[in-house]
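Please read the structure below before turning to the comments.
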There are 2 protein chains.
Amino acid sequence: MQIITGDLLTHYIEQYPIDDYFSFDIRPYMKVCLFEKGEWIFKEGSYPDTMYYMVEGKAKLYVTHKNGKVSLIEYIEAPCFMGEIELLNEARYTKGIQTVARTICLSIAVHECREKLLADAIFLRRICVFLGEKATAVTAKYTQNQVYPLENRLAAFIQLSSDQGIYKEKHTEICEYLGVSYRHLLYVLAQFCEENILEKTKKGYRIINDKRLGELAQEIL
Amino acid sequence: MQIITGDLLTHYIEQYPIDDYFSFDIRPYMKVCLFEKGEWIFKEGSYPDTMYYMVEGKAKLYVTHKNGKVSLIEYIEAPCFMGEIELLNEARYTKGIQTVARTICLSIAVHECREKLLADAIFLRRICVFLGEKATAVTAKYTQNQVYPLENRLAAFIQLSSDQGIYKEKHTEICEYLGVSYRHLLYVLAQFCEENILEKTKKGYRIINDKRLGELAQEIL
DNA sequence: TTCAAAATATGAGATATCTCACATTATTCT
DNA sequence: AGAATAATGTGAGATATCTCATATTTTGAA
């Protein structure tokens, strides 16, 4: 992690004003941080004393289970908060957050302005909305996971994440996200090829029957 | 649903003061409601204009999927809020909430004091903490669901919900909560009996090998 | 008390998904 | 460039879980 100063600092602060997230001047407590791809913003199990507001980039929220298996809970995309739950509940064990791409965050030194934040209705309201949406999204994802086979969920995911009709994501990551084994993900992808829904190319999987894919996805929502 | 007035009203208001959840006097906006067992507090898909604070009782939070399957997302137990997300995001489709027992709630007419609530740091902070805990709990439950077989999760659930060494819950409800079919739940219960961990009696399943049950549960946490 | 609805129970067969072992490519780092 | 690491790909066999059909028992309401 790298702290940005000088011209770049003013650049980011100007480009992403977060003044209207607070009723007081947050700048004295704020820094701008840069995380390289693959860096951990929070190490799982640590007790962070910084809250971040991601303005550029993308990351993954992880939890590791006792049996060693790992769940990729959700993708975190700018703009969003990180470490807000830890701000509320002092000294709380955190989940792991790892960047997927170079990521820029505004960081707020919580110990310096905790009281101010917790008394700030504007800020708190934002956090409420954010937490509410997060809870709703996570719930939706996981209830679907347990009610639909991978066939449907993968179809929906491909439609969501494909670009120009090409699906090209890392299998190792997606199987964690969809909560299935690597092996099984490949089985279902192979099945989609078998059924002429996808076609495997050098550049990724090309969608050749979007209608059918949509039908499979639609059974979810 | 029945609105309580008279002596009972003052009784509940005195017994469960929620003044310290607000920085202003909430009583003008508040009523006390009683729901019978099995009643729906929110009908799924409706747009409620009331927020509740449950002070006595217990309920289930449901979502119905397109394919007709139903997920019991969580048990809601007093004290807690309901309809808080709808307060934040105006006019939001709600999930279903059904009581499991006679339940008493303080109700707040949102349309009359929405602005006041959304500007109240004390209230908002409570909601933040509540939402944060809820998100954490739901995430934990569902990531476990997908990483552990029913054997482990059921063991943990039995330890949690049994009373005096007796497990006695409705199978129809628990299979929805644990996200498995009724059939499969019965299989695993039978297996526990087979392995002399439980014993089926008229009053419910009696735990006869708590140590083993603990081992199975412990693999989770 | 009786009847309908809900809950419990069980079998048989299907399938969605997992584990493990191993081989083959890409990527990254030095 | 070469070596190490990560990602991809596939087979075989196991198992966790589901669907459906059907029978019995319990519960709740008229």
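The values are calculated or read from the model by the stated rules, or taken from the named source; none is laboratory data. All values reported here derive from a predicted model rather than from experimental measurement. Here the Cβ positions follow ideal geometry from the backbone for every residue, glycine too, while neighbour counts run over all protein chains shown. Only protein heavy atoms, including side chains, enter the accessible area calculation; ligands, DNA and RNA are left aside. Shrake-Rupley method; radii C 1.70, N 1.55, O 1.52, S 1.80 Å.
Taking other residues whose beta carbon is less than 12 angstrom from the beta carbon of A:CYS113, and scoring Lys, Arg as +1 and Asp, Glu as -1, yields -2. Entry comment: accessible area of the range A:36-193 is 42 Å² per residue, from protein heavy atoms only and a probe of 1.4 Å. The alpha-carbon of A:LYS203 sits under 20 angstrom from the alpha-carbons of these aspartates and glutamates, leaving out residues fewer than 8 places away in its chain: A:ASP163, A:GLU169, A:GLU173, A:GLU194, A:GLU195. The chymotrypsin sites (Phe, Trp or Tyr not before Pro) of the range A:68-131 that meet both conditions, a loop assignment by DSSP and at most 16 other Cβ atoms within 10 Å of the site Cβ, are A:TYR93. Just the protein heavy atoms count here, and of the accessible area of the range B:148-218 at 1.4 Å, carbon and sulfur take up 49 percent. Each Lys and Arg contributes +1 and each Asp and Glu -1, all at the Cβ; summed about the Cα centre of the range A:26-137, the dipole is approximately 220 debye.
So which residue, out of A:TYR53, A:TYR187, A:TYR177, gets the largest mean-square fluctuation from a GNM of chain A using Cα contacts under 10 Å as springs? With Cα springs under 10 Å in chain A, the top fluctuation among A:TYR53, A:TYR187, A:TYR177 is at A:TYR187.
What is the interface area between chains A and B, defined as buried accessible area summed over both chains with a 1.4 Å probe, reported in Å² to the nearest 100? Its buried surface, counting both partners, is about 3300 Å². In terms of the mean number of neighbouring beta-carbon atoms within 10 Å, the peptides B:97-103, B:60-66 order highest first as B:97-103, B:60-66. For the peptides A:14-22, B:33-41, residues were scored by their other Cβ atoms within 10 Å and the scores averaged per peptide; the highest-first order is B:33-41, A:14-22.
Ligands, DNA and RNA left out, the accessible area of the range B:2-145 computed with a 1.4 Å probe is 51% carbon and sulfur.
Taking a straight line from the alpha carbon of B:LYS37, these lysines sit under 16 Å away, with near neighbours fewer than eight places off in the same chain left out: B:LYS58, B:LYS60, B:LYS170. Contact-buried residues of the range A:118-133, at a threshold of 10 Å² lost accessible area versus the chain by itself: A:LEU118, A:ALA119, A:ALA121, A:LEU124, A:ARG125, A:CYS128, A:VAL129, A:LEU131, A:GLY132, A:GLU133 (1.4 Å probe; DNA, RNA and ligands ignored).
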